[in-house]
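A quick write-up on the structure given underneath.
Each reported figure results from applying straightforward, stated rules to the coordinates on display, with no laboratory input. Fair warning: this is a prediction, and the values are worked out from it, not measured in the lab. FYI the Cβ positions are ideal-geometry reconstructions off the backbone, even for glycines, and counts take in every protein chain you see.
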Amino acid sequence: MANTTSAKKAVRKIERLTAINKARRSRIRSFVRKVEEAIASGDKQAAENALRAAQPELMRAASKGVVHRNMASRKVSRLAQRVKALGA
């Protein structure tokens, strides 16, 4: 248990940031799932629109430190590759 005032404040801060990060991670997963569902249904237009919405969310999470920037870039790249393959 935290004894000092600064340690108690740190605990409160960590709890607040954990909740924010959890919400951001959940939001990312929702956006990525929408892209994957559109790809699965074979609707290229919907997949492109979903990817266009998911990309800034992933990059925002990376810039906030919720996920690693390489992971965000990799996800965007792989999703874009799959969306592009729909048209072929």
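Given Cα pairs under 8 Å that are at least 6 residues apart, what percent is the relative contact order of the chain? Intermediate values should be presented prior to the final figure.
Working: 63 pairs, mean separation 23.5, N = 88.
With pairs under 8 Å counted, the relative contact order is 27 percent.
Per residue of the stretch 51-57, what does 6.51 cos²θ - 1.76 cosθ + 1.60 with θ = phi - 60° give for ³J(HN,Hα)? Whole Hz please, x for Gly and Pro, Karplus curve as stated.
Listing the rounded values in order: 5, 4, 7, 6, 4, x, 5 Hz.
Do any of Lys22/Lys75; Lys13/Lys75; Lys13/Lys64; Lys44/Lys75; Lys22/Lys84 go past 22 Å between their Cα atoms, and which? Can you show the working numbers first?
Details: Lys22/Lys75 18 Å; Lys13/Lys75 30 Å; Lys13/Lys64 16 Å; Lys44/Lys75 18 Å; Lys22/Lys84 30 Å.
From Lys22/Lys75; Lys13/Lys75; Lys13/Lys64; Lys44/Lys75; Lys22/Lys84, over 22 Å: Lys13/Lys75; Lys22/Lys84.
What's the center-to-center distance, using Cα atoms, between the stretch 5-32 and the stretch 51-66 in Å?
With the stretch 5-32 and the stretch 51-66 each reduced to a Cα centre, they are spaced 16 Å.
Mind checking the log10 I(q)/I(0) for the chain at q = 0.13, 0.18, 0.24 Å⁻¹? Debye, one equal scatterer per Cα, no solvent, two decimals.
-0.50, -0.75, -1.08
In which sequence would Val35, Val67 go, from the one with the fewest C-beta neighbours within 10 Å to the one with the most?
Numbers: Val35 25, Val67 19.
Exposure proxy ranking, most exposed first: Val67, Val35.
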